[in-house]
Amino acid sequence: MRKCFISYKKEDIHYKNYLINKLGSESFIDKSLDRTIESDNGDYVMQVIREEYLADSTVTIFIIGEHSSEKEGYDNMGDKNYFIKRELKASLHNGEGNTRNGILGVVLPSMYDKIYKGQYYCRTCGNQHNYVDINDDTVIREFSANYYLKPHNGCSWSEEERYCVLVKWDDFINNPESYIEVAFKKRESNLKDKVRIRNLR
């Protein structure tokens, strides 16, 4: 199996631990970003995270729970999601000495109804599309921007038009290696040239 890094909120640590116990610790890098890297040089910050935390990983598993959205991140103490934003950004970073990771978003059961909204009729093409609510209310922007890649022509996105991969926890647990492999293969697809990373300090 591919070497994976897990990006998660502390509220969801039991899911992270379950994955490591189920699939074996040798399949994961069991670290999390735990300190602020003091630098105004974004490339340097990404390099440090890649070397000290994500080294040897090729897929980042982003556990999507109730506390891992863009809007959930701020309180009067600052950005509560500072670390996972940078873990995802570093995972997408394609710099000297490293290639970007594939990104696999695993939706926890508590988020199913908030993300998977059923189907809707499209007036543009006349077909039914799945309504998947991936935005600042449900995920970190590094994920949403690379799930719905732009520019985009057409009325919906196919799996071949997304860099990030999305799966429900129950489906993932039943066949983890297949979903990890799908995310891994995105690294070499033509989508890699559309990956978007915002500037974070």
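Quick notes
- Close contacts from the range 109-121, counting a first residue that is within 11 Å of K168 (Cβ to Cβ) and a second that is among the aliphatic types (A, V, I, L, M), with Cβ to Cβ under 7 Å and a gap of 6+ residues or different chains, come to M111/I64; I115/V107; I115/V132; I115/I134; Y116/V132.
Each row is one residue, and each column tells you yes or no for (1) modelled with pLDDT of 90 or more; (2) among the aliphatic types (A, V, I, L, M).
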{"position": "E38", "(1), (2)": "no, no"}
{"position": "D43", "(1), (2)": "no, no"}
{"position": "V59", "(1), (2)": "yes, yes"}
{"position": "G65", "(1), (2)": "yes, no"}
{"position": "R86", "(1), (2)": "no, no"}
{"position": "G102", "(1), (2)": "yes, no"}
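- Every residue from the range 174-201 that is surrounded by 15 or more Cβ atoms within 10 Å (Cβ to Cβ) and without any contact (Cβ under 8 Å) to a residue 60 or more places away in the chain: L191, K194
- Among (1) surrounded by fewer than 17 Cβ atoms within 10 Å (Cβ to Cβ); (2) in contact with an Asp or Glu (Cβ under 8 Å, 6 or more places away or on another chain), the one test that I115 misses: (1)
- Condition met for G95 (surrounded by fewer than 22 Cβ atoms within 10 Å (Cβ to Cβ) and modelled with pLDDT of 70 or more): yes
- Near pairs, Cβ below 6 angstrom, 6+ apart or cross-chain, from the range 11-27 (modelled with pLDDT of 90 or more) to any residue that is surrounded by 13 or more Cβ atoms within 10 Å (Cβ to Cβ) and of a type in the set (V, I, T): D12/I63; Y15/I63; K16/I6
The values are calculated or read from the model by the stated rules, or taken from the named source; none is laboratory data. Remember, it's a predicted structure, so these values are computed and weren't measured experimentally. So basically every Cβ, Gly included, is an ideal-geometry build from the backbone, and we count neighbours across all protein chains shown.
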